[in-house]
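Each remark here refers to the structure printed beneath this line.
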Amino acid sequence: MTVVLEGRNITQDYHVSGGLFGGAKTVRAVKGINFSVEKGKTLAIVGESGSGKSTLARIIALIDAPSGGDLLIGSEKVDISQKRPGPEMRSRVQMVFQNPYGSLNPRQKIGSVLTEPLLINKPEISAEERRSLAEAMLVKVGLGPEHYNRYPHMFSGGQRQRIAIARALMLNPSLLVLDEPVSALDLSVQAQVLNLLADLQEEFGLTYVFVSHDLSVVRYIADDVMVISQGEAVEQGTREAVFANPTHPYTRQLFAATPVTDVEAIRARVAKRQAARAAV
Amino acid sequence: MAILKIRNLTVRFATSTGSFTAVDGIDTEVDRGEVLAIVGESGSGKSVSMLAVMGLLPDTATITADEMSYDGHDLLKMTKAERRQLIGREITMIFQEPIASLNPSFTVGFQIEEVLRLNLGLSRRDARARALELFKQVGIPSPEEKLGAYPHQMSGGQCQRVMIAMAIASKPRLLIADEPTTALDVTIQKQILDLLMSLQEEYGMALIMITHDMGVVAETADRVVVQYKGRKMEEADVLSLFEAPQHPYTRALLAALPENATGDRLPTVSDFFAEGAQ
Ligand SMILES: Nc1ncnc2c1ncn2[C@@H]1O[C@H](COP(=O)(O)OP(=O)(O)OP(=O)(O)O)[C@@H](O)[C@H]1O
Ligand SMILES: Nc1ncnc2c1ncn2[C@@H]1O[C@H](COP(=O)(O)OP(=O)(O)OP(=O)(O)O)[C@@H](O)[C@H]1O
Ligand SMILES: [Mg+2]
Ligand SMILES: [Mg+2]
């Protein structure tokens, strides 16, 4: 098996002005994380809100340079603070951002959002072909060619999330970093997107880094799981190992808090609520 | 007693390719102290129908309804000034994309204090104290420090909790929460849901919870409305919905839970409609 992504002792510091209270200070959001992912596999990153998942994801996707440590893509050490990634590297690594609205330009039509990466990185592709590739991609994520000329604000939350996924797939990346890509999707569309990702992985051997707080999604999609808490990897292993035998308290807490949808639990809750109301 | 009553609400958008009907004759009612969950496929008009109530749709939207009233007052006939008295105070909304609804140029502390000063008439000092208290309630870590942070310096889930804090600041009588916990892991989700439910019980607040998460529905709702393609497909009390879902889309929603995956593919709604057609 070939390792296509590796992180060695990655750290990230944020410098924050103290704002209303006290002076400036440095916050270490990622504290020396190591990982490696094999070609065609999915590493899921799980962890509490604010634990550093997006921070790490942005480093892996070559958006932000880490404060310390080494990032290897292929077997090549990549340091974007020294050298900006070229078009070849840019098309190889793509990211789906956690907040789709913020990552879309409100004045840019969706068609142009999708064709722009091609225009920049693969200028040999004709305009006509760009458009047909974009329309085909819209269909793949459950939208349609009729959406080509719309602006971002004309979409629902879940539709925008799918546009962000479509944009990232346009360049046929080999490594895709997805930050909570299905969190705003209803289960059926979520299923459609997860199926699409699984198909692409099978067909093209794509490698995924998949940030999610949803354990049922992680169980479905992951090969390996890394649990991070306060910037540290507190648990790392194969999906089977982590799900069968979670060792860190946070991981256990995650499992325990998963909402229950069984009818008896609902019946009990409804009865309790009715009793509380009757008592008023 | 219904606090919000909507009858035959239709919302159309003018688009370059003609008019598009996003909400098609929806009826909704929510009582004081009730929790109504709205579930439905992506793009089925959940957010748009509630933005219509808030008066926050763009000019390209045409809204018609036989009735849209809050506490007996006709929202359609209200002047802008009258509506402003309600919106943001008695009726508040947690928006679906938190970071897009925060202003990137101001600290989150400044933004929540603005809301408290303008809408509740608090002094600067009281607003600061209350903002801190709210940040603690929604579980933002190092709350003092985070009051001084800009939105881009907060994580996705932290921004979402800032929005929640703003929406509950005025102790609204009707809270519309649009996918309020999508960016939160289950442990924090539970804390937020418990908080919303306790506010709801304490003040008799009515809560409309838009969500795609059937776990959230199971843990909060009294009644559930299922929407599909701009229309209401099913409405039931929460127990009946889980016990005996009627509409194929509802059944698909419950079956598409990834934990129910059989083999390596997840079922989608079209699988269900195809089944129904056989
Ligand atoms: N640009 C920044 N400046 C200062 N602090 C930041 C910045 N970006 C993130 N942080 C802080 O770093 C920590 C980690 O943030 P990050 O966005 O990586 O969390 P996360 O695990 O993705 O959380 P969530 O699940 O809520 O999205 C948080 O406490 C956040 O407030
Ligand atoms: N300004 C607009 N112009 C044109 N169409 C719009 C506009 N705003 C929303 N729409 C369309 O209206 C439909 C309903 O959107 P809405 O945001 O209510 O969906 P939703 O049910 O909230 O979906 P999600 O679960 O994805 O958030 C969608 O098909 C969307 O594309
Ligand atoms: Mg994040
Ligand atoms: Mg919505």
Original post:
Limited to the range A:211-234, what total is found for residues that are touching a Gly at 6+ places or on another chain (Cβ under 8 Å) and either under 28 Å from residue B:255 (Cβ atoms) or modelled with pLDDT under 90 (or both)?
Top reply: 3
Original post:
Within the set of pairs 6+ apart or on separate chains, which have a first residue in the range A:137-151 that is open to solvent by 60 Å² or more (accessible area, probe 1.4 Å), a second that is aromatic (Phe, Trp, Tyr), and C-beta atoms under 8 Å apart?
Top reply: none
Subject >> residue A:167 vs. criteria buried (at least 24 other Cβ atoms within 10 Å of the Cβ), in contact (Cβ under 8 Å) with a residue 40 or more places away in the chain, more than 16 Å from residue A:43 (Cα to Cα) and within 15 Å of the chain's Cα centre (by Cα) >> reply: yes
Original post:
Name the residues in the range B:53-80 that are within 30 Å of residue A:277 (Cβ to Cβ) and within 15 Å of the chain's Cα centre (by Cα), would you?
Top reply: B:53, B:54
Original post:
Within the bounds of the range A:136-155, is there any residue that is within 18 Å of residue A:117 (Cβ to Cβ), modelled with pLDDT of 90 or more and within 16 Å of ligand 3 (Cβ to nearest atom)?
Top reply: no
Original post:
On the given criteria, is residue A:54 within 15 Å of ligand 1 (Cβ to nearest atom), among the hydroxyl-bearing types (Ser, Thr, Tyr) and under 17 Å from the mean Cα position of the chain (by Cα)?
Top reply: yes
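Which one of B:142, B:69, B:101 is open to solvent by 30 Å² or more (accessible area, probe 1.4 Å), polar (S, T, N, Q) and away from ligand 4 (no atom under 16 Å from the Cβ)?
Values: B:69 fails: open to solvent by 30 Å² or more (accessible area, probe 1.4 Å); B:101 fails: away from ligand 4 (no atom under 16 Å from the Cβ).
So the residue among B:142, B:69, B:101 that is open to solvent by 30 Å² or more (accessible area, probe 1.4 Å), polar (S, T, N, Q) and away from ligand 4 (no atom under 16 Å from the Cβ) is B:142.
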Original post:
Which residues, counting only those in the range B:234-248, are more than 8 Å from chain A (Cβ to nearest Cβ) and either under 20 Å from residue A:188 (Cβ atoms) or β-branched (Val, Ile, Thr) (or both)?
Top reply: B:234, B:235, B:236, B:241, B:244, B:245, B:246, B:247, B:248
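Residue by residue, here is whether (1) away from ligand 4 (no atom under 16 Å from the Cβ); (2) touching a helix residue (DSSP H, G or I) at 6+ places or on another chain (Cβ under 6 Å); (3) over 19 Å from residue B:147 (Cα atoms); (4) open to solvent by 60 Å² or more (accessible area, probe 1.4 Å) holds:
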residue	(1), (2), (3), (4)
A:4	yes, no, yes, no
A:15	yes, no, no, yes
A:23	yes, no, no, no
A:26	yes, no, no, yes
A:29	yes, yes, no, no
A:32	yes, no, yes, no
Original post:
What pairs can you find where one residue is in the range A:268-280 and at the interface with chain B (Cβ under 9 Å from one of its Cβ atoms), the other is of a type in the set (Val, Ile, Thr), and their Cβ atoms are less than 7 Å apart, with a gap of 6+ or different chains?
Top reply: A:270/B:238
**OP:** Determine if the range A:221-231 includes at least one residue that is more than 16 Å from ligand 1 (Cβ to nearest atom) and hydrophobic (A, V, I, L, M, F, W, C).
**Re:** yes
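With B:127, B:165 as the choices, which residue is open to solvent by less than 10 Å² (accessible area, probe 1.4 Å) and without any contact (Cβ under 8 Å) to a residue 24 or more places away in the chain? Outline the logic, then answer.
On the way: B:165 fails: without any contact (Cβ under 8 Å) to a residue 24 or more places away in the chain.
None of the others qualify; the one that does is B:127.
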**OP:** Name the residue, out of A:242, A:211, A:182, that is surrounded by 23 or more Cβ atoms within 10 Å (Cβ to Cβ) and in contact (Cβ under 8 Å) with a residue 60 or more places away in the chain.
**Re:** A:211
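In the range B:187-219, which residue that is under 13 Å from the mean Cα position of the chain (by Cα) and more than 17 Å from residue A:185 (Cα to Cα) is surrounded by the fewest Cβ atoms within 10 Å (Cβ to Cβ)? Break it down stepwise before answering.
Residues of the range B:187-219 that are under 13 Å from the mean Cα position of the chain (by Cα), as a first pass: B:193, B:196, B:206-213, B:216-217.
Within this subset, residues satisfying the condition of being more than 17 Å from residue A:185 (Cα to Cα) are B:193, B:196, B:206-208.
Numbers: B:193: 21, B:196: 24, B:206: 23, B:207: 23, B:208: 24.
Looking at the filtered set, the residue picked out is B:193.
Does the range B:230-243 contain at least one residue that is within 18 Å of the chain's Cα centre (by Cα), part of a helix (DSSP H, G or I) and closer than 27 Å to residue B:72 by Cα?
Looking only at the range B:230-243, we keep the residues that are within 18 Å of the chain's Cα centre (by Cα), and these are B:230-232, B:235, B:238.
With part of a helix (DSSP H, G or I) added as a condition, the list becomes B:238.
Next, only the ones that are closer than 27 Å to residue B:72 by Cα stay: B:238.
Yes.
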Original post:
Which of the strands (runs of 3 or more DSSP E) contained wholly in the range A:22-133 include at least 1 residues that are in contact (Cβ under 8 Å) with a residue 40 or more places away in the chain and farther than 26 Å from residue A:202 by Cβ?
Top reply: A:25-38, A:42-47, A:68-73
Subject >> Those residues of the range A:169-204 which are within 16 Å of ligand 3 (Cβ to nearest atom) and among the small types (Gly, Ala, Ser), in sequence order >> reply: A:183, A:184
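Which residues, taken from the range B:46-57, are near ligand 2 (Cβ under 6 Å from one of its atoms) and out of contact with any Leu (no Cβ under 9 Å at 6 or more places or on another chain)?
Selection gives B:46, B:47.
The values are calculated or read from the model by the stated rules, or taken from the named source; none is laboratory data. Please read these numbers as outputs of a predicted model, since none were measured by experiment. Note that each Cβ is placed from the backbone with ideal geometry, even for glycine, and that neighbours are counted across all protein chains shown. To get the accessible areas, we keep the full protein, side chains included, count just its heavy atoms, and leave off ligands, DNA and RNA. Shrake-Rupley method; radii C 1.70, N 1.55, O 1.52, S 1.80 Å.
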